[in-house]
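**Q** Sharing a structure with you now.
The values are calculated or read from the model by the stated rules, or taken from the named source; none is laboratory data. Note that the structure is predicted; figures quoted are calculated from it, not measured. Heads up, the Cβs are rebuilt from the backbone with ideal geometry, glycines too, and the neighbour counts pull from every protein chain shown.
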Amino acid sequence: MRRVGSPNASVIADTVALNDAVEVDFDATERILEEISTTAVVQTPAPLARMVNMTTSNEQLVEALRPVEDPELHRSIVDLGMLKRAELRDDGTADILVALTIAGCPLRNEIQQRVNGAVATLPGVTGVALEFTVMTDEERAALREVLHGSPAGTAGQQQAHGHAEGRAIPFSEPGSTTRPLLISSGKGGVGKSSITTNLAVALARLGHTVGVVDADIYGFSIPRMLGTDRQPTVVDEMILPPERWGVRCISMGYFVPDGEAVIWRGPMLHKALEQFLTDVFWDAPDFLLIDMPPGTGDIALSLSQYLPRGEVYVVTTPQPAAQKVARLSAAMAEKVNLPVRGVIENMSWFTGDDGTRYELFGAGGGQELSEELEVPLLGQLPLVPALREGGDDGQPITAVDGDSEAAQAFMTIAERIAVDLRPRKVFSPELRIVD
Ligand SMILES: Nc1ncnc2c1ncn2[C@@H]1O[C@H](COP(=O)(O)OP(=O)(O)OP(=O)(O)O)[C@@H](O)[C@H]1O
Ligand SMILES: [Mg+2]
């Protein structure tokens, strides 16, 4: 273990000294820094605490660590059983051992920062010695059982398709509070994925918990648009979805090597979707957005079975041709018994440098479709290069340029979906108050 006054600085100095007169070995520096992040002692000035002779008991140390959440599971590391040791040594060092869910956990540094932040300023604590270990298989199985039930169990009333004994799809359970939003259109390239991404970010910005399922198994695009920078973590058959901008996401993109195409037969597509809904630890988000593939095919049919309370939002561009195709997806929704709740018009206009709006794809398509379907037109999104660029670079405009016209439009649509279209409580005339 190394004791470092100001983290890293003295170690870099050591390394430079070691390599005195020769070239600085940057690899070694990096290795040492890596080592520090495994076992580090951070000096914390606490003169005031010492002067008044205040100190922290081991129980208080644990309580101070209770609000620290695992960044993937969003639960307290204490409640999850990840905190293996928390003791205050005589010299004031907080001696802490945390068990990570998996070896090489991508969020180890984040956990380290959170732990240090939680205890470093406690009275009597002069430093934090944080060590990491990894959960055993048994501990992982127990964790999964608590959070996600058993993969083989009959957890609910509606078994997943083809699995008489399998885990239920949580969103089809009667008590589910998640609103599945299916973003669809009969036509390709109208902006479904861009809208799914930005709407998800907008809902997260409004304070909701949000997940996205990229149901476009062949033409996945959400990981790139959202800019998730890592793969899902798997803890004993439970898949923890990557998260970015407050949005969790699962996509076939995480399971296919870069540049390779998915060539699968129909039943496998259904199986993949089913796994996205059952094996992923979604943790009952407020909203689960589904980026639908183009067309009206099979996937919509499966999803309607998996998500009987799904709400369909139809995306169209303003020209009559697009609107005709968009109508097909509304017809499909009706066939599979899912309600269309609203229309979103994309690429409505382009604003020139002089402020003039150019309606490049015509006008009125969204309005007409919404009248025909008798649902509201929730918003019109401008055509802006920054929206496309943000999609290409994983920097959704709603996350990185909240004041822009497009981001504002997404925020308004999100608010209308969250507030105006929230499901009403059903009044049942049979229920009476009995004195
Ligand atoms: N309002 C907009 N302004 C500028 N570019 C946009 C806008 N909406 C979408 N785009 C761009 O148009 C292209 C198609 O959009 P997107 O991929 O979101 O459509 P899609 O309906 O999901 O397509 P697919 O049917 O292929 O899945 C993307 O390059 C996207 O960045
Ligand atoms: Mg798409």
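**Q** With the condition kept exactly as written, say whether any residue in segment 311-329 is closer than 26 Å to Val247 by Cβ, modelled with pLDDT under 90 and either within 16 Å of ligand 1 (Cβ to nearest atom) or not acidic (Asp, Glu) (or both).
**A** Yes; the residues of segment 311-329 include at least one that is closer than 26 Å to Val247 by Cβ, modelled with pLDDT under 90 and either within 16 Å of ligand 1 (Cβ to nearest atom) or not acidic (Asp, Glu) (or both).
**Q** When segment 185-199 is examined, which residues are found to be farther than 16 Å from Phe410 by Cα, within 11 Å of ligand 2 (Cβ to nearest atom) and either in contact with a Lys or Arg (Cβ under 8 Å, 6 or more places away or on another chain) or β-branched (Val, Ile, Thr) (or both)?
**A** Result: Ser185, single match.
**Q** Same structure again: Which condition breaks for Gln323 when tested against (1) part of a helix (DSSP H, G or I); (2) free of Cβ contacts under 8 Å to residues at least 60 places away in the same chain; (3) surrounded by fewer than 22 Cβ atoms within 10 Å (Cβ to Cβ); (4) out of contact with any Phe, Trp or Tyr (no Cβ under 8 Å at 6 or more places or on another chain)?
**A** Going through the list (1) part of a helix (DSSP H, G or I); (2) free of Cβ contacts under 8 Å to residues at least 60 places away in the same chain; (3) surrounded by fewer than 22 Cβ atoms within 10 Å (Cβ to Cβ); (4) out of contact with any Phe, Trp or Tyr (no Cβ under 8 Å at 6 or more places or on another chain), Gln323 breaks only (3).
**Q** Among the listed residues Tyr313, Tyr358, Tyr306, which satisfies the condition of being of a type in the set (Phe, Trp, Tyr) and within 16 Å of ligand 2 (Cβ to nearest atom)?
**A** Tyr313
**Q** Among the residues of segment 377-389, are any part of a loop (DSSP other than H, G, I, E, B) and more than 8 Å from ligand 1 (Cβ to nearest atom)?
**A** Looking through segment 377-389, none of the residues is part of a loop (DSSP other than H, G, I, E, B) and more than 8 Å from ligand 1 (Cβ to nearest atom).
**Q** Working carefully through the options Met292, Met252, find the one that is surrounded by 15 or more Cβ atoms within 10 Å (Cβ to Cβ), without any contact (Cβ under 8 Å) to a residue 40 or more places away in the chain and within 14 Å of ligand 1 (Cβ to nearest atom).
**A** Met252
**Q** Does Asp258 satisfy the criteria of being in the same structural domain as Val201 (by TED's automatic domain parsing) and touching a residue at least 60 places away in the same chain (Cβ under 8 Å)?
**A** no
**Q** List, please: which pairs have Cβ atoms under 8 Å, are six or more places apart or on different chains, and start with a residue in segment 207-230 that is farther than 21 Å from Val262 by Cα and of a type outside the set (D, E, K, R) and end with one that is part of a strand (DSSP E or B) and within 13 Å of ligand 2 (Cβ to nearest atom)?
**A** That search, which allows pairs on different chains as well, returns Val210/Leu289; Gly211/Leu289.
**Q** Checking Ala142 against (1) more than 22 Å from Asp279 (Cβ to Cβ); (2) at pLDDT 90 or above: exactly one of these is not met. Which one?
**A** (1)
**Q** Pick out the one residue from Thr228, Thr233 that is more than 11 Å from ligand 2 (Cβ to nearest atom), under 15 Å from the mean Cα position of the chain (by Cα) and crowded, with 22+ Cβ neighbours inside 10 Å.
**A** Exactly one of Thr228, Thr233 is more than 11 Å from ligand 2 (Cβ to nearest atom), under 15 Å from the mean Cα position of the chain (by Cα) and crowded, with 22+ Cβ neighbours inside 10 Å, namely Thr228.
**Q** With the structure loaded, tell me whether Ile222 is under 27 Å from Ala321 (Cα atoms) and touching a helix residue (DSSP H, G or I) at 6+ places or on another chain (Cβ under 9 Å) or whether it fails that test.
**A** When the stated conditions are applied, Ile222 passes them.
**Q** Still on this structure: Suppose the filter is without any contact (Cβ under 8 Å) to a residue 24 or more places away in the chain and at negative phi; does Asp70 pass it?
**A** no
**Q** Evaluate segment 253-272: report whether one residue or more is assigned to a loop (DSSP other than H, G, I, E, B) and under 21 Å from Thr177 (Cβ atoms).
**A** No, segment 253-272 contains no residue that is assigned to a loop (DSSP other than H, G, I, E, B) and under 21 Å from Thr177 (Cβ atoms).
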